[in-house]
Structure formats: structure tokens, C-alpha cells
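Undergrad: Have a look at this one.
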Amino acid sequence: PYKSELDFSFESGEHIVSPLPHTYIKAEDLPVSLDYREKGLLTTDLNQHIPVYCGSCWAHSAFSSLGDRLKIQSEGKDRDIIPSVQALINCGHAGSCNGGNSGSANRYVYNNGIPASSTRLRTCSALT
């Protein structure tokens, strides 16, 4: 039911701008385990069901991982940045409360940027 809401006009595939770790890190140089929770480098859990149910796990997963990556990059020195899931659902053409695609969400952010959840967005035209 949600496919009519998706924008498939972008190229498929990843956009890679730097060498991938497996090309310059030896497997034996990696730690046996790594848990960013122990280092306090993960952002808060997000809830897609408050105040009402919304099947937007695709958006929450994409933006939770993006927020975590930003926190890891800053080594926890910056304030948490939680990208606006609502702006993505309203403006991103990546899905809705009926489902969506986290890859499309990431592509939308790459092409357009996304405000933090603390930003009050009045219209989608503010993102373009």
C-alpha cells in the first residue's frame, strides 16, 4: 500500500566517498569485541508508537543509526543530534506510517539534508 508514496527516482546503490575499512584494516588488528553502549556513544531509544501507532520502523532505524554515527564521530563531545523522523515521513518520499524503505531514507538525507528533531518544521519546502 505504501509503494505509491515512495520516490524511486534516485540511483540505487551506495555512495562511497572514502576507502572502506576492509581495504586498510587487517582483521587481526580489530578488537575481539566492541560495544558502543559501554562507551556511552549511542543516542536515546526512539518510540514510533507514541502518541499513536505508526509503522515507521524503517525511518526510526535509519535515523537511529545516523544519530549514533554522529555521536561516535564526535566521541560524545557534541550534544546528541536526533534527525527528525517526522520531517522524513512528511517530506522524504521514502514511506509513511504504513511502511517504507530505510535505504530511501538515507538517500533522501544524502540529497537534501534533514533537520534535527528539535527543529520545528512548518513546510517541506523549507528543506529544499
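The values are calculated or read from the model by the stated rules, or taken from the named source; none is laboratory data. In this text the structure is predicted, and so the values were computed from the model without any measurement. As a convention, Cβ positions derive from the backbone with ideal geometry for all residues, glycine included, and neighbour counts pool all protein chains shown. In case anyone asks, the SASA skips ligands and DNA or RNA and just uses the protein heavy atoms, side chains included. Shrake-Rupley method; radii C 1.70, N 1.55, O 1.52, S 1.80 Å.
Undergrad: Given (1) more than 14 Å from Asn106 (Cα to Cα); (2) at pLDDT 90 or above, where does Arg69 come up short, assuming only one miss?
TA: Result: Arg69 fails condition (1) only.
Undergrad: Also, quick follow-up: Residues in segment 67-91 that are in contact with a Ser or Thr (Cβ under 9 Å, 6 or more places away or on another chain) and either small (Gly, Ala, Ser) or closer than 13 Å to Ser102 by Cβ (or both): how many?
TA: Looking only at that region, the number is 7.
Undergrad: When you scan segment 69-94, how many residues do you find that are open to solvent by 60 Å² or more (accessible area, probe 1.4 Å) and more than 20 Å from Asp35 (Cβ to Cβ)?
TA: 6
Undergrad: Take Glu38 and tell me if it is among the acidic types (Asp, Glu), part of a loop (DSSP other than H, G, I, E, B) and farther than 27 Å from Arg107 by Cβ.
TA: Yes.
Undergrad: Oh, and also: Could you check Asn90 against (1) within 18 Å of Ser64 (Cβ to Cβ); (2) polar (S, T, N, Q); (3) at pLDDT 85 or above and say which number it fails?
TA: Going through (1) within 18 Å of Ser64 (Cβ to Cβ); (2) polar (S, T, N, Q); (3) at pLDDT 85 or above one by one, Asn90 breaks only (1).
Undergrad: Please verify whether segment 39-59 includes one or more residues that are closer than 21 Å to Asn101 by Cα, of a type in the set (D, E, K, R) and open to solvent by less than 100 Å² (accessible area, probe 1.4 Å).
TA: Scanning segment 39-59, I find no residue that is closer than 21 Å to Asn101 by Cα, of a type in the set (D, E, K, R) and open to solvent by less than 100 Å² (accessible area, probe 1.4 Å), so the answer is no.
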